[in-house]
Amino acid sequence: MLEKLIEHGHATKTVSLPRARHPLHAMPTSTGYSRETSPSYVWDGRARGQTPFTVLQYTISGVGMLRYENRTMKVHPGEAMLVIVPHNHCYWLEEGEEWEFFWISMHGTEVLRIHEIVLNARGPVLELKRQTVDMLAACSLRLMTNEADLPGASSSIAYEAAMALFDDTFGPSEQASASESPLSRARHYVLANLGDELTVDRLAGIAGLSRAHFSRGFASMTGLAPAEYVLQERMKRAAKLLIANRELPVKEIAALCGIPDNNYFSKVFRRTYGISPTDFRETGMYAMCRKA
């Protein structure tokens with residue numbers, strides 16, 4: 001099916017359907033196949049608006065660059081990139097390189113939930129099974145050839161693509177076993193309990209490791225010390241809550257994110273996003289991404 005998608009040729013399909021009376025929880029927004037050769041190809045995850053959506057992009061040939069939070073990585077052939085917008089990431093093409101890929105962009109509460117679970121388990125760069133790639137390519141091709149011109153049909157394809165990624169991650173594989181490691185268990189606990197007290201000693205206990213062993217292993221897995229990771233995830237939750245719950249006072253959002261000191265919360269938020277929580281909510285401003 002991937003070969004059929006390539007044979008279909010360079011194409012971009014924007015899925016624009018009439019707003020349904022009942023919002024659907026999985027919907028595609030765009031899909032396509034492309035071979036980029038210009039370094040002007042740059043996408044900044046903090047400058048694409050406030051409406052959340054996801055991008056799943058599979059590399060067929062060439063190499064793309066991804067800066068995800070504090071890490072810079074390459075996306076090689078056979079690897080997929082998964083990102084959620086808005087978010088602190090940027091992907092681009094280096095001068096002299098080319099990047100051949102297909103992608104599917106989606107939105108909806110269920111898609112966002114599934115993709116966030118996959119991101120937490122595997123990170124933003126994934127190596128997919130061949131059958132998963134073919135299934136995703138089939139979904140993209142069906143959308144590009146106008147097979148789904150009704151909301152329900154389009155939603156079905158988006159959900160199929162999201163669940164293919166879910167099964168690739170949590171089906172019977174080595175990656176599923178790895179996601180249940182002591183360090184991953186502690187990481188999942190952090191994401192599920194951001195409003196609670198999350199000390200290093202508590203997380204080390206959940207992992208069943210000594211404090212020193214846990215801290216070294218966690219930093220190796222995530223690229224951040226445990227305390228820094230917790231603070232980063234709290235800020236990500238805060239940004240989402242500020243936009244999605246505009247009626248909630250900032251101090252209540254701070255408490256929901258595990259930071260009862262409103263002054264400290266505002267200080268950390270400004271350090272992370274370059275803007276105060278109140279201004280972030282009112283303007284939705286996102287700093288432009290710069291390549292390291």
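Each reported figure results from applying straightforward, stated rules to the coordinates on display, with no laboratory input. Just so you know, these numbers come straight off a predicted model, no measurement behind them. Every residue, glycine among them, receives a Cβ derived from its backbone with ideal geometry; neighbour counts consider all protein chains shown.
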Original post:
Sequence-distant or interchain residues sharing an amide H contact under 5 Å with Leu224, placed H: which?
Top reply: none
Subject >> Residues whose placed amide H lies under 5 Å from that of Glu79, excluding near-sequence neighbours >> reply: Thr59
Subject >> Globularity index of the chain, i.e. its alpha-carbon radius of gyration over 2.2 N^0.38 Å >> reply: 1.03
**OP:** Principal axes first, then extents: for the Cα atoms of segment 2-176, list largest minus smallest coordinate on each axis, whole Å, largest first.
**Re:** 46, 34, 34
Original post:
Tell me, what HN-Hα J-couplings in whole Hz come from the Karplus equation 6.51 cos²θ - 1.76 cosθ + 1.60 at θ = phi - 60° for each residue of segment 77-86, using x for Gly and Pro?
Top reply: x, x, 10, 10, 10, 10, 9, 10, 10, x
Subject >> Normalised convex hull volume, segment 182-283, alpha-carbon set, Å³ per residue >> reply: 90 Å³
Subject >> Structure-based [θ]222 nm, the chain - -39500 (n - 2.57) summed over DSSP H runs of at least 4, per residue, nearest 500 >> reply: -14500 deg cm²/dmol
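For the chain, what is the relative contact order in percent, using Cα pairs closer than 8 Å and at least 6 residues apart in sequence?
Computed value for the chain: 18 percent relative contact order.
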**OP:** Tabulate in residue order the Karplus-calculated ³J(HN,Hα) for segment 40-51, using 6.51 cos²θ - 1.76 cosθ + 1.60 with θ = phi - 60°, rounded to whole Hz; enter x for Gly and Pro.
**Re:** 6, 6, 9, 10, 9, x, 9, 10, 10, x, 9, 6
**OP:** Scan around Gly62 for amide H atoms under 5 Å from its own, H built in the peptide plane at 1.01 Å from N, and keep only partners 5 or more places away or cross-chain.
**Re:** Glu100
**OP:** Mind checking segment 175-253 for GluC sites (Glu not before Pro) that DSSP puts in a loop (not H, G, I, E or B) and that have at most 13 other Cβ atoms within 10 Å?
**Re:** Glu180, Glu197, Glu247
